[in-house]
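One structure is given below, encoded as structure tokens.
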Amino acid sequence: MPQRRSHVAPSAAQTELAAALTALRESLETPTDFPAAVLAEAADAEAATPGLDLRDIPFVTLDPLGSRDLDQAFHLERRDAGYTVRYAIADVPGFVAPGGAVDTEARRRGQTLYAADGTIPLHPKVLSEDRASLLADVDRPALVWTFSLDSAGVAEEFRLERALIRSRAQLDYASTQVALDRGEGGPAALLPEIGALRIEQEKLRGGASLNLPDEEVVRHSDGTYEIERRHPLPVEEWNAQLSLMTGMAAASLMIDAGVGILRTMPQPDEKSFEAFRHQTEALGRPWTTGRYGEYLRRLDRADPMTLPVLEAAASLFRGAGYVTFDGAVPSEIEQAAIAAPYAHATAPLRRLVDRWSLAICLAASEGREVPGWVRESLDDLPALMQESGQRASKLDSATINCVEAALLTPLVGATVDATVIEVRGERGTIQLADPAVTASAPIPADTVPGAVVPLQVVRADIARGEIEFSV
């Protein structure tokens, strides 16, 4: 569906929305301000001394426009018939003292939360948006992965080292995509080539990606809110392949070391596959050949039935979690959508678990014992991440619900055209183009996914984030 921008203009609804979002934060008991001891320790934190100087390598970062918490930087170059990929990760383990005030507060938070009116960071901003962030034109300590890829994009070997780097530029997705589409050179010139090869390797492994459109609440300087719905740009998918490759390398190191924490997801069972096959047939886009990942990649984004198919496919991407081990490696260690063992190890500024993964990987790469603090706290991580993940999910969904109700407030009593993207008995998941709203609603009998139906907006409760429609 084309991107739409629907504003909640300054009004009584806008005032009510601001109050609802504030109440939402309070109801989640989300920590916002940092205690004084945490701020003081963060301000005084000294990075670990890098053993390698890579400031001559012209790294760059690639993130959403305006980002300050920059976890990764990359450098890409040709090597004989293949490529060398350097992927630098912010050295958060070098800044955070185990058992200190910053560490204790980070364990309480679990991850950075993204609210409509700003972020609730995992670490104080003096670290996450300044001294530990891989900002351009300043020296920064980093944990640098170096990959040697062959001509097909296979990682033949890799290593991890602590180094001092200096990023040359902070690139953003939109302008980088424009530059690449124009065929311009620059630091990201090889990203489409390497990204495409890594996507092909994903296909060969049997991996699958569920590229549902992103829904994001955006707050503007004039106090208005909107929901932006868009598909990721190709450059975002290519960039994500670098992170996936690194996560698989981290998993490999931890498995070999016999200690670690992996991000796992079970393979869908045959009952789930069969249900999905029936849904694709009902949608007129039957999955008849190949693996489900291949089928999803073949879908045409311009096809109005693609979104209903992707919504149905979401049932195949369930059950993700973390598994820890110290000694015997568990039998179930694969992330089914990636089709390989995988670990979170590329976003330590924004996600707690990555600090543990990186500390283990660095010790394994250097032939050292894994730090005691890692082993002592490893089993605590799955519960900490689950709790923070639930908090983030609730904040995201409740925020969108409140904004959607505010967007529909002026339309109460009016009839709108809604596209049905999923049918569940007498109700369905419906999507409005303008304003950009996705909701559950009653639908006429015998309605099929993809149909456009008229619905009346009966009620829009901003405080509760509830919308009511009638046929």
Inset, instruction - May I ask for the Rg/Rh ratio of region 148-213, computed from Cα atoms with Rh as the Kirkwood radius, given to two decimals? - result: 1.02
Legend entry - Protein accessible area in the chain, 1.4 Å probe - carbon and sulfur %: 49
Legend entry - Phi to ³J(HN,Hα) by Karplus 6.51 cos²θ - 1.76 cosθ + 1.60 over region 84-92, Hz, x for Gly, Pro: 10, 10, 10, 10, 9, 10, 3, 7, 5
Legend entry - Approximate spin-label separation Arg318-Glu294, in nm, with each point projected 7 Å along Cα-to-Cβ: 2.7
Inset, instruction - Obtain the nm distance between the two label points defined at Ala328 and Gln386 by a simple spin-label model: each point lies 7 Å from its Cα along the Cα-to-C-beta direction. - result: 2.1
Legend entry - Charge dipole of the chain about the Cα centre (unit charges at C-beta), most positive-ward option of Ala275, Pro124, Ser377: Ala275
Inset, instruction - Mind putting a number on the dipole of region 233-298 about its Cα centre? Charges go on the C-beta only, +1 for Lys and Arg and -1 for Asp and Glu, and I need it in Debye to the nearest 20. - result: 140
Inset, instruction - About the Cα centre of the chain, how large is the charge dipole given +1 on each Lys and Arg Cβ and -1 on each Asp and Glu Cβ? Please answer in debye to the nearest 20. - result: 320
Legend entry - Surface accessible to a 1.4 Å probe, Asp130 within the full protein complex, Å²: 60
Legend entry - Ratio Rg/Rh, restricted to region 329-471 and using Cα atoms, in which Rh is the Kirkwood radius: 1.20
Inset, instruction - Mind listing the long-range amide H neighbours of Gly428? Cut-off is under 5 Å, sequence gap 5 or more, other chains count too, H placed in the peptide plane at 1.01 Å from N. - result: Ala441, Ile443
Inset, instruction - Kindly report the accessible area of region 93-134 per residue (heavy atoms of protein chains, probe 1.4 Å, no ligands, DNA or RNA), in Å². - result: 32
Legend entry - Using alpha-carbon coordinates, inclination of helix 191-205 to the longest axis of the chain, degrees: 80
Legend entry - Karplus (6.51, -1.76, 1.60) ³J(HN,Hα), θ = phi - 60°, over region 33-48, in Hz, Gly and Pro reported as x: 6, 8, x, 4, 5, 5, 4, 5, 5, 4, 5, 9, 4, 10, 5, 4
Legend entry - For region 168-249: relative contact order, % (alpha-carbon pairs under 8 angstrom, 6 or more apart): 33
Inset, instruction - Apply the Karplus parameterisation 6.51 cos²θ - 1.76 cosθ + 1.60, with θ equal to phi minus 60°, to every residue of region 172-188 and state each ³J(HN,Hα) to the nearest whole Hz, in sequence, with x for glycine and proline. - result: 10, 4, 4, 5, 5, 4, 4, 5, 5, 5, 7, x, 6, x, x, x, 9
Inset, instruction - With r as the distance between the Cβ atoms of Val154 and Ala40 and R0 = 35 Å, compute the FRET efficiency 1/(1 + (r/R0)^6) and round to 0.05. - result: 0.15
Legend entry - Angle between the chain longest axis and helix 12-27 axis [Cα atoms, degrees, rounded to 10]: 50
Legend entry - Separation in nanometres of the label points that stand 7 Å from Cα toward Cβ, at Thr84 and Ala169: 2.1
Inset, instruction - Kindly express, to the nearest 10 degrees and within the range 0 to 90, the angle between helix 381-408's C-alpha long axis and the longest C-alpha principal axis of the chain. - result: 40
Inset, instruction - Take every Cα pair under 8 Å in the chain that's 6+ residues apart, average their separations, divide by the length, and report that relative contact order as a whole percent. - result: 19
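The values are calculated or read from the model by the stated rules, or taken from the named source; none is laboratory data. All of these numbers come straight from a predicted model, not from anything done at the bench. A quick note on method: Cβ atoms are made from the backbone with ideal geometry, for glycine too, and the neighbour counts reach across all protein chains shown. Side chains are part of the model used for accessible areas, which takes the heavy atoms of the whole protein and leaves out ligands, DNA and RNA. Shrake-Rupley method; radii C 1.70, N 1.55, O 1.52, S 1.80 Å.
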